[in-house]
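*Asks:* Below you'll find the structure I mean.
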Amino acid sequence: MNIIEAKGIEKVYDEDKVPVHALNGIDLNITEGEFTAIVGPSGCGKTTLLNILGGLDHPSKGIVHLANTDITSMSDSHLIDFRLQNIGFVFQAYNLIPVLTVRENIEFIMLLQKADKVERHLRSSEMLEQMGIADKASKRPSELSGGQQQRVAVARALASKPKFILADEPTANLDSKSTAQLLDIMAEMNRKEQTTFVFSTHDQRVIDRARRIVRLDDGIVVDDHVAEHA
Amino acid sequence: MIVKLAWRNIWRNRRRSFITVTSISFAVILALFMRSMQLGSYERMIDNAARFYTGYAQIHANGYWDDQTLDNSMEFDSTLMSEVDGMKGVEITVPRVESFALASYGSKTKGAAVLGIDPLREEQLTRVKSKLISGKFLEDGDKGVLISEGLASYLKMGIGDSLVLLGQGFQAMTAAGLYEIQGILKFPIPAQNDQTVLMNLSGAQFLFSMEDRITSLALVIESSDDVDPVVTDLEQRLDTAAFEVLGWRELMPELIESIEIDNVSGRIMLFFLYLVIGFGMFGTFLMMTQERKYEFGVLISIGMKRRLMQWVVFLEMALMSGIGVLTGVAVALPFLIYFYRNPVYLSGESAEAIEKFGVEAAYFFSLDAEIFINQAWAILIMALILGFYPLLVIFKLKPVKAMRES
Ligand SMILES: Nc1ncnc2c1ncn2[C@@H]1O[C@H](COP(=O)(O)OP(=O)(O)OP(=O)(O)O)[C@@H](O)[C@H]1O
Ligand SMILES: [Mg+2]
């Protein structure tokens, strides 16, 4: 079943009256349980596409269905609620709330979803365990390494059991060891909890781990294939 | 959780929060001192004026205050007096006959205010006995009079001399009498010192042919807060067609007016003080908002409602302002209580210079709750207005843009 259906997506930024065509007609379907990388050179439109798929930005043209819901015409506050209930986000950096502890950060979305205390605690404990950062539960994000922080960000996104997770260059700021660890965890969670992952990258080591690779160039899909190792 | 988040956010930039909170505290302390001193001096002035002569309230025959003639006097009703005496908040009532007459001795003549008083009761209100500089104070039944020092020296009179009073009595009767000076009083206020003649109530009633009548019944009231309830109570008990009841605001309109004018200048100073503090607070709120745009963007992306985020930020501002106000009050209060109990009396040349203007050379402080409540409101309302900025920023924030620009 398709969890993401994007049809004819175009995006034109007209900053200072000089229009920038970031996306030029993209069709993309993502089915449940995928582990997909959006790849391509800098400026090809990866971030723009992920933002539109996540309902953070509106396409200039085209329709986006997420979990069988048309989000293109949703109001801002409905979209916020839709994201809360359905989508997990991981950004390149500075994802976490600096004044909350690691555990509180992981529980934050569940809290917004009004999950009860016991449930939050159980789930965050489970996540801390999975991410291998159980000993950091009561630390502040600033006391963690970049790789650990990104694992907390993934844990936070996963904790609320979203329909899918969008991660824009989650490893861009990480060294190769942390990158490998983060990908191990993402792959593991994808396998164990059947969570759909869509992430962007231009790092070949990350591309190698994806099961499906969607290549963009100049705002169009130039290649879309299933990796040989999958 | 929301409170926890807001609380921790305040301590994110300890130095800035500390500066903001302390500057609010300082403003509050300064404002409290200013207002406490200002209102304290007003209270003292009113108290002095009331104690000095008028009392906190007066009962007259209806119409007397606008047309102060003996024809507008009232019957002296001792049951009324004892009823008022017994009222809650009333210490004592002070009956008076107040009129004018020409005072002469030898070849000199001068207009004088002639007051008929009940010496014991009058003493409770004006402590007039302490003004006696020579001779003997009035007692019930004394036929003699007390004369103010200025008038005595103008008329070149001394103790034992006989003063002629000539004027008009009740219903146009002639008022004339010869009185022995039994004491001399010195009043601090020249207007009073130059023209006062004091005698027993019965003597004045006889002089002015107004047996059993008085012009006013002044009230000594326990505290100024009791004045309004007492006045209202009296207005209900008394036949308002026959009587009028006036509180101190109506009894000393000039004083109240000058206080109000002075009060405006105090308020203007406060306004500027708060303006300065307001800019400081706005600076903090501005930075707090600007540097967190990325974070706001992330939070909106992951599904935090704008309304909720606005709450957090609003709470932060309210908490900071609240802490500032509370610290300010906590610091100022002990000092104000101390100064309230121990007014600061000036001495030496500066004191003399001030006393020349007929003002007491001392700083008095007020602990009126209104002073504290007003400062708290001022700060909180300001925080509320300034807080619109971050709330607006959050309302309009586009997460993608906010995150891209940071
Ligand atoms: N808010 C914006 N306003 C104007 N132009 C934009 C905006 N966001 C992106 N662009 C432009 O759109 C194009 C696609 O940008 P986008 O950020 O999606 O690329 P990307 O593939 O994520 O690049 P990178 O690998 O550098 O992150 C670029 O030319 C970029 O300059
Ligand atoms: Mg990008």
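*Asks:* Of (1) more than 16 Å from ligand 2 (Cβ to nearest atom); (2) more than 14 Å from every other protein chain (Cβ to nearest Cβ); (3) closer than 29 Å to A:A22 by Cα, A:R191 satisfies all except one. Which?
*Replies:* Here A:R191 clears every test but (3).
*Asks:* So, one more: Under the condition of being of a type in the set (G, A, S) and open to solvent by 20 Å² or more (accessible area, probe 1.4 Å), which residue from the stretch B:264-302 is farthest from the other protein chains (Cβ to nearest Cβ)?
*Replies:* Filtering the stretch B:264-302 for residues that are of a type in the set (G, A, S) and open to solvent by 20 Å² or more (accessible area, probe 1.4 Å), the one farthest from the other protein chains (Cβ to nearest Cβ) comes out as B:S265.
*Asks:* Regarding the stretch B:59-72, can at least one residue be identified that is touching a helix residue (DSSP H, G or I) at 6+ places or on another chain (Cβ under 9 Å) and part of a helix (DSSP H, G or I)?
*Replies:* Yes, there is a match, as at least one residue in the stretch B:59-72 is touching a helix residue (DSSP H, G or I) at 6+ places or on another chain (Cβ under 9 Å) and part of a helix (DSSP H, G or I).
*Asks:* Let me ask you something else. Hey, any hits in the stretch B:207-225 for a residue that's more than 23 Å from B:D66 (Cβ to Cβ), of a type outside the set (A, V, I, L, M, F, W, C), outside any loop (DSSP other than H, G, I, E, B) and assigned by TED's automatic domain parsing to the domain that holds B:V94?
*Replies:* yes
*Asks:* Give A:Q130, A:Q150 a once-over and let me know the one that is among the polar types (S, T, N, Q) and away from chain B (no Cβ under 14 Å).
*Replies:* From the options A:Q130, A:Q150, the qualifying one is A:Q130.
*Asks:* Here's another thing I want to ask about it. State whether the residues of the stretch A:134-144 include one that is touching a residue at least 60 places away in the same chain (Cβ under 8 Å) and either open to solvent by less than 80 Å² (accessible area, probe 1.4 Å) or not hydroxyl-bearing (S, T, Y) (or both).
*Replies:* no
*Asks:* Can you tell me which residues in the stretch A:145-161 are surrounded by fewer than 20 Cβ atoms within 10 Å (Cβ to Cβ) and farther than 20 Å from A:V99 by Cβ?
*Replies:* Passing the criteria: A:G147, A:K161.
*Asks:* Between residues in the stretch A:36-54 that are surrounded by 24 or more Cβ atoms within 10 Å (Cβ to Cβ) and residues that are aromatic (F, W, Y), which pairs lie under 6 Å by C-beta distance while being six or more apart or on different chains?
*Replies:* Every condition considered, the pairs that remain are A:A37/A:F199.
*Asks:* Are there any strands (runs of 3 or more DSSP E) wholly within the stretch A:1-112 with 2 or more residues that are away from ligand 2 (no atom under 16 Å from the Cβ) and within 13 Å of another protein chain (Cβ to nearest Cβ), and if so which?
*Replies:* Strands (runs of 3 or more DSSP E) meeting the threshold: A:87-90.
*Asks:* Sticking with this one: Need at least 3 residues that are out of contact with any Ser or Thr (no Cβ under 8 Å at 6 or more places or on another chain) and of a type outside the set (D, E) per element, so show me which helices (runs of 4 or more DSSP H) inside the stretch A:146-230 make the cut, counting only ones lying wholly within it.
*Replies:* The qualifying helices (runs of 4 or more DSSP H) are A:146-159, A:176-192.
*Asks:* Report whether or not A:D203 is open to solvent by 20 Å² or more (accessible area, probe 1.4 Å), within 14 Å of ligand 2 (Cβ to nearest atom) and within 17 Å of A:A227 (Cβ to Cβ).
*Replies:* yes
*Asks:* Here's another thing I want to ask about it. What's the number of the condition A:L174 fails, among (1) touching a Gly at 6+ places or on another chain (Cβ under 6 Å); (2) within 16 Å of ligand 1 (Cβ to nearest atom); (3) under 20 Å from A:T48 (Cβ atoms)?
*Replies:* (3)
The values are calculated or read from the model by the stated rules, or taken from the named source; none is laboratory data. Quantities reported herein were computed from a predicted structural model and do not represent experimental measurements. FYI the Cβ positions are ideal-geometry reconstructions off the backbone, even for glycines, and counts take in every protein chain you see. The protein model used for the area step is the full one, side chains on, heavy atoms only, and it has no ligands, DNA or RNA in it. Shrake-Rupley method; radii C 1.70, N 1.55, O 1.52, S 1.80 Å.
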